Amino acid sequence: MKFLVTGSAGFIGFHLTRRLLGERHEVLGFDGMTPYYDVSLKQARNAILCESQNYRFVEAMLEDKAALDEAYESFQPEVVVHLAAQAGVRYGLEHPDLYISANVVGTFNLLEAARAHQPRHLLIASTSSVYGGNEEVPFAEAERTDFPVSLYAATKKACEAMSHSYAHLWKIPTTCFRFFTVYGSWGRPDMALYKFVDLIERGEPIEIYGMGRMRRAATFVGDLVEGILRLADAVPEEGKPVAVPNGRDSLSTVAPWRAVNIGGGEPVPLLEFVETIERHLGKDAQKIMLPMQKGDVVETYADPALLQALTGYVPKTTIDETVREFVEWFREYRRT
Ligand SMILES: NC(=O)c1ccc[n+]([C@@H]2O[C@H](COP(=O)([O-])OP(=O)(O)OC[C@H]3O[C@@H](n4cnc5c(N)ncnc54)[C@H](O)[C@@H]3O)[C@@H](O)[C@H]2O)c1
């Protein structure tokens, strides 16, 4: 099949595209190579993808509507996986404009392209951050997501809402997946696993927010990609809303649209996560304990019942295996 993957040079886009190419699909990657973090990491990922004859790459911004339309029209994708976004919660405190332009305007441009050339299935990355300050865990899809506590979450909620209206008006089958913290090789330097491994390796102190009490369930990127691919095959149908298992409310939409958590597993306290890293690195961390930061939430983990009902799949890789895989990659990457 023909897949358009936006954000293909990003962490998740790279893993998804590599798997698609491995399965002999054709992929058009679209990425603006933004300088949010080290661009050479994006270039290194993209260089690996470019080794495949089935991969074409367009370097352009989502905000460049003409470039997006041209890429879309010339490739005519059957499935679109929209991962490009300004990610990160804390960066939004200093750079709010980037979130509006990439996530709101960029996603609007993508929806317009999908309206003009309807894909079989449009899949859009959302985030567990849309659950805001909800204290009822695990997070289930039917819970309210009306009270975001970061601009990042607000813009992702906007992506969900805009895509619902397009699914309803223009009958575009759409799945919004809510990712929970995702880790693995080729990961993002702004995320805790990369930062901690890097600093501990260099013998520098690490900052632990929320006094180490924050708890996160990390999803291994290989499991996430498996979930995305299974969901890509489970195309939502108009007039057939999927009952959300365990939902205290039900999703009442009749549009061919759904939001699905991709996550699973028990949340791990931050201090236990750090101990796992120390064990795999064979080095102790110097810890600076700090209070919670604006926009952070104490605990996030997914109720995977809907994912399981739709695909028969729940991510299973443990945090121990995830950290081991990452540390092996990190040391190898640093050597080259
Ligand atoms: N990694 C996680 O833990 C996580 C958790 C929840 C949600 N998500 C979401 O998953 C998606 C992928 O995340 P990731 O971790 O791979 O992030 P990433 O930053 O590594 O990848 C995003 C890619 O999009 C590109 N991009 C950003 N803005 C763009 C724009 N305006 N135009 C064109 N390209 C642009 C970047 O250059 C980058 O390569 C994002 O939508 C993110 O919000 C990620």
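The values are calculated or read from the model by the stated rules, or taken from the named source; none is laboratory data. Keep in mind the model is a prediction, meaning the values are calculated, not measured. Reconstructed Cβ throughout: ideal geometry from the backbone, glycine too, with neighbour counts over all protein chains shown.
Summary of computed values
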quantity: Tabulated pairs, region 63-90, first under 16 Å from TYR152 (Cα atoms) and not assigned by TED's automatic domain parsing to the domain that holds PRO189, second of a type outside the set (Gly, Ala, Ser) and surrounded by fewer than 21 Cβ atoms within 10 Å (Cβ to Cβ), C-beta under 6 angstrom, 6+ apart or interchain; calculated: GLN86/LEU98; GLY88/ASP190
quantity: Qualifying residue in region 278-298 (condition: buried (at least 20 other Cβ atoms within 10 Å of the Cβ) and within 20 Å of the chain's Cα centre (by Cα)); calculated: yes
quantity: Among (1) within 16 Å of the ligand (Cβ to nearest atom); (2) within 30 Å of ILE48 (Cα to Cα); (3) among the basic types (Lys, Arg), the one test that ARG216 misses; calculated: (2)
quantity: Exclusive hit being of a type in the set (D, E, K, R) and more than 20 Å from the chain's Cα centre (by Cα), set GLU135, GLU160, GLU143; calculated: GLU135
quantity: Failed item in (1) within 12 Å of the ligand (Cβ to nearest atom); (2) under 21 Å from TYR301 (Cβ atoms), with PHE196 passing the rest; calculated: (1)
quantity: Residue match in region 92-102 (condition: surrounded by fewer than 17 Cβ atoms within 10 Å (Cβ to Cβ), away from the ligand (no atom under 12 Å from the Cβ), in the same structural domain as TYR152 (by TED's automatic domain parsing) and of a type in the set (S, T, N, Q)); calculated: no
quantity: Residue tally, condition farther than 21 Å from PRO236 by Cα, modelled with pLDDT of 90 or more and away from the ligand (no atom under 16 Å from the Cβ), over region 116-145; calculated: 0
quantity: Any chance ALA85 is within 24 Å of GLU160 (Cα to Cα) and within 7 Å of the ligand (Cβ to nearest atom); calculated: yes
quantity: Filtered residues of region 17-39 (kept if more than 8 Å from the ligand (Cβ to nearest atom), of a type outside the set (Gly, Ala, Ser) and under 24 Å from GLN76 (Cβ atoms)); calculated: THR17, ARG18, ARG19, LEU20, LEU21, GLU23, ARG24, HIS25, GLU26, VAL27, LEU28
quantity: THR107 being within 14 Å of the ligand (Cβ to nearest atom) and over 27 Å from ASP146 (Cβ atoms); calculated: no
quantity: Any chance SER252 is out of contact with any strand residue (DSSP E or B) (no Cβ under 8 Å at 6 or more places or on another chain), at pLDDT below 95 and within 14 Å of the ligand (Cβ to nearest atom); calculated: no
quantity: Residue satisfying condition, being farther than 22 Å from ARG230 by Cβ, charged (D, E, K, R) and buried (at least 19 other Cβ atoms within 10 Å of the Cβ), within set ARG56, ARG45; calculated: ARG45
quantity: Any hit, region 194-216, residues being farther than 30 Å from ALA66 by Cβ, in contact with a Ser or Thr (Cβ under 6 Å, 6 or more places away or on another chain) and in a loop (DSSP other than H, G, I, E, B); calculated: no
